[in-house]
Amino acid sequence: MSSPPRKRVAVFCGSKSGAKTVYSDHVATLGNLLGENNIDIVYGGSYKGLMGVLANHALIKGSKVTGIIPEVLINREHQHEGLTELIITSDMHQRKKTMYEMGDAGIVLPGGFGTLDEFFEMLTWNQLSIHNKKIFILNSGGFYSRLIEHLEFLEKEEFLHDQVWNRLEQHDNPVSLVNSLCKSFGN
Ligand code: AMP
């Protein structure tokens with residue numbers, strides 16, 4: 001009997017490591033767990049910060065890791081040279097689109113402006129039914145608690161088209177996130 005097709009997640013995270021060790025610790029565990037569960041990754045392609053931690057751990061545990069980098073960021077963003085595949089896009093928009101087209105779901109880890117931009121674009125396109133891929137937020141050490149509070153505030157103030165948690169899930173540790181991700185993939 002042939003094995004089921006492998007699933008792939010789009011992971012959005014910082015090109016820096018952040019101030020607290022819990023961020024890198026959680027990302028390392030997440031990378032390990034994705035690899036151990038035969039889940040592949042598409043991400044921004046850098047070896048820096050949390051992006052590098054994720055890729056290195058997942059690769060060692062057997063994930064196929066695809067990096068998507070726009071031409072303008074080649075060299076500046078320090079592309080990871082050990083990836084399964086590196087795809088070069090013409091611009092930033094194409095990069096984001098390719099990332100969530102290739103992913104069967106999205107994971108948002110701690111990060112800066114770029115991570116938030118990627119998260120909100122994927123979320124908005126979900127709301128517009130351009131895709132129906134679920135997004136999992138890893139709230140490492142409470143990093144996203146303020147944002148989550150604001151997302152719930154948007155719903156309370158009736159600016160959302162339905163309930164905020166219809167398209168999102170939040171987890172405070174990588175084990176519970178990957179368990180739920182696997183369930184959503186039917187693994
Ligand atoms: P940051 O969270 O700011 O460290 O950025 C994380 C990743 O998002 C990095 O690979 C950035 O190059 C990337 N990024 C930043 N802004 C954008 C954008 N507008 N579109 C696509 N990727 C972006």
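What follows draws every value from the coordinates through simple rules; no lab data is involved. Every value quoted in this text rests on a predicted model; they were computed, and no experiment measured them. Neighbour counts run over all protein chains shown; Cβ positions are idealised from the backbone, glycine included.
Key figures
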| read-out | value |
| --- | --- |
| Rule-of-thumb Rg ratio for the stretch 95-155 [Cα; 2.2 N^0.38 Å; N residues] | 1.11 |
| Within a Gaussian network of the chain (alpha carbon springs, distance under 10 Å), most fluctuating of L50, L116, L138 | L116 |
| 23 Å Cα-Cα threshold exceeded, pairs from K134/K183; K96/K156; K7/K133; K20/K64 | K96/K156; K20/K64 |
| Sites matching GluC sites (Glu not before Pro) across the stretch 74-137 that sit in DSSP coil, with at most 15 neighbouring C-beta atoms within 10 Å | E81 |
| Longest site-free stretch - the chain; sites: trypsin sites (Lys or Arg not before Pro), DSSP loop, at most 13 other Cβ within 10 Å | 77-187 |
| Gyration tensor (alpha-carbon) shape descriptor, the stretch 1-96, a/c threshold 1.5 | oblate |
| Gain on full stretching of the segment that runs from I130 to L86 - 0.36 nm per residue minus C-alpha separation | 13.3 nm |
| Gain upon complete extension [A19, H161; 0.36 nm per residue less C-alpha separation] | 47.6 nm |
| Along principal axes, Cα extents of the stretch 37-187, largest first, whole Å | 45, 32, 28 |
